[in-house]
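In what follows, a single structure is set out as structure tokens and then discussed.
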Amino acid sequence: MNEQYIVIKSKYSNNVVILELQPKTGTIFTFRPGQYTMLSLENVDNIKQPRPFSISSSPTNKKLIQLAIKVHGDFTQKVSKLKIGDTVTLSKPNGFFTFNEENKKVVFLAGGIGITPFMSAIRYVSEKNLKNKITLIYSNKTKKDIVFLNDLEEISKKYTNIQTIFTLTDTNSEKYENERIDIEMIKKYTQLNNDTLFSLCGPIAFMESIKQQLLDAGVKNDNIDMERFK
Ligand SMILES: Cc1cc2nc3c(=O)[nH]c(=O)nc-3n(C[C@H](O)[C@H](O)[C@H](O)COP(=O)(O)OP(=O)(O)OC[C@H]3O[C@@H](n4cnc5c(N)ncnc54)[C@H](O)[C@@H]3O)c2cc1C
């Protein structure tokens with residue numbers, strides 16, 4: 001069933017809109033970190049075709065649903081014009097690219113806006129003070145493209161079981177890695193053990209290249225999980 005939500009915050013920066021939404025009535029739906037919702041803009045210029053977006057807030061946050069949306073075409077242009085107080089519709093959460101607390105060691109490999117499902121999981125693990133060991137390697141072109149940079153830096157400072165590595169592919173910076181994610185970079189920060197799950201989200205070519213390198217290095221197919229944003 002779909003539910004109406006009100007925009008309580010909308011921040012546009014560097015081609016990405018961060019939307020915060022509260023239910024018009026009742027409570028936020030329950031979901032698992034990594035799931036997506038179908039967003040419809042029924043009250044905005046009659047654009048009715050719903051689109052999928054992963055939820056970037058944690059299920060432990062009972063106050064709001066957060067989405068981070070990269071502006072591409074007509075639909076996301078309209079999203080970028082939403083104002084506080086506008087109404088949108090969200091479907092019940094969906095999807096199986098979910099964080100499982102049973103996986104004690106997880107490596108998240110994110111490209112660009114592919115950070116969203118991982119952000120939910122990282123917030124969830126930190127807010128529940130879980131002991132899962134998480135390594136995030138997050139690739140962007142430049143520093144200003146890093147969505148959630150401050151939040152991620154704060155979380156990893158506070159929670160030693162959550163390690164965040166940023167890599168910039170179009171700029172050189174001493175503070176960050178400066179290469180595309182490849183098997184050497186992954187091995188620098190984590191071991192390729194059979195008890196580790198590798199989760200990938202980003203452009204298709206990014207995921208396929210990393211998946212192939214993981215397989216070639218001996219990681220089992222069952223230990224690799226991917227979410228396609230198309
Ligand atoms: C399960 C799932 C979860 C998703 N989660 C998110 C999320 O958290 N944040 C987010 O920003 N997007 C997410 N997406 C992608 C998002 O749904 C689409 O980018 C969006 O619907 C594009 O709509 P549009 O009308 O703006 O673009 P369209 O008019 O459909 O396309 C405009 C142009 O952009 C290109 N384009 C569209 N989508 C993409 C894309 N994903 N990557 C590269 N080029 C693209 C098209 O080829 C076209 O040239 C997710 C998709 C899926 C399937």
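Where nothing but the Cβ of Lys and Arg (+1) and of Asp and Glu (-1) is charged, how large is the charge dipole of segment 3-90 around its Cα centre, in debye to the nearest 20?
That gives a dipole near 200 debye.
Rounded to the nearest 20 Debye, what is the dipole magnitude of the chain about its Cα centre when Lys and Arg each give +1 and Asp and Glu each give -1 at the C-beta?
Approximately 540 debye in magnitude.
Just want the ordering: Met207, Met1, Met226, from fewest to most Cβ atoms lying within 10 Å of their own Cβ.
Lowest to highest Cβ neighbour count: Met1, Met226, Met207.
When a footprinting reagent is the concern and you count Cβ atoms within 10 Å, what order do Arg51, Arg228 take, fewest first?
By the 10 Å Cβ count, ascending, the order reads Arg228, Arg51.
Scanning the chain for helices, which whole DSSP H stretches are 20 Å or more long along the axis (Cα) and average -1.0 or more by Kyte-Doolittle?
Membrane-span-like by this rule: not one helix.
Go through segment 9-96 and name the chymotrypsin sites (Phe, Trp or Tyr not before Pro) that are in a DSSP coil and have 16 or fewer other Cβ atoms within 10 Å of their Cβ.
In loop regions of segment 9-96 (DSSP not H, G, I, E or B), the sparsely surrounded chymotrypsin sites (Phe, Trp or Tyr not before Pro) are Phe96.
Using unit Cβ charges (K, R positive; D, E negative) and no other charged atoms, how large, in debye to the nearest 20, is the dipole of segment 105-228 about its Cα centre?
340 debye
Per the Kirkwood definition applied to all pairs of different Cα atoms, how many angstroms is the hydrodynamic radius of segment 105-228?
That comes to 14.5 Å for segment 105-228.
Could you give me the ³J(HN,Hα) list for segment 64-78, computed from phi with Karplus coefficients 6.51, -1.76, 1.60 and θ = phi - 60°, whole Hz, x at Gly and Pro?
8, 10, 10, 10, 10, 10, 7, 7, 10, x, 4, 5, 6, 4, 5
Karplus couplings for segment 100-106 from phi (6.51 cos²θ - 1.76 cosθ + 1.60, θ = phi - 60°), rounded to Hz, Gly and Pro as x?
10, 4, 5, 7, 6, 10, 10
Once the principal axes of the Cα atoms of the chain are found, what is the range along each, listed largest first in whole angstroms?
The Cα atoms of the chain stretch 50, 36, 32 Å along their principal axes.
Restrict the search to segment 143-181; then list the GluC sites (Glu not before Pro) that DSSP places in a loop and that have at most 10 other Cβ atoms within 10 Å of their Cβ.
Glu174
Taking the number of other C-beta atoms within 10 Å as the exposure measure, put Glu102, Glu208 in order starting with the fewest.
Glu102, Glu208
Where the centroid of each part is defined by its Cα atoms, how far is segment 59-76 from segment 102-162 in Å?
About 17 Å separates the Cα centre of segment 59-76 from the one of segment 102-162.
Considering only DSSP beta bridges with both partners in the chain, what is the antiparallel share in %, to the nearest 5?
50 percent
Once phi is turned into θ = phi - 60°, what whole-Hz ³J(HN,Hα) does the Karplus curve with 6.51, -1.76 and 1.60 give for every residue of segment 160-177, x standing for Gly and Pro?
Ordered by residue, 3J(HN,Hα) equals 5, 7, 10, 10, 10, 10, 10, 10, 10, 9, 10, 9, 9, 8, 5, 6, 10, 5 Hz.
We did not get these values from a lab; they are worked out from the coordinates using the rules stated. None of the values given here were measured: they were computed from a predicted structure. Using ideal geometry, Cβ is built from the backbone for each residue, glycine included, and neighbour counts are taken over all protein chains shown.
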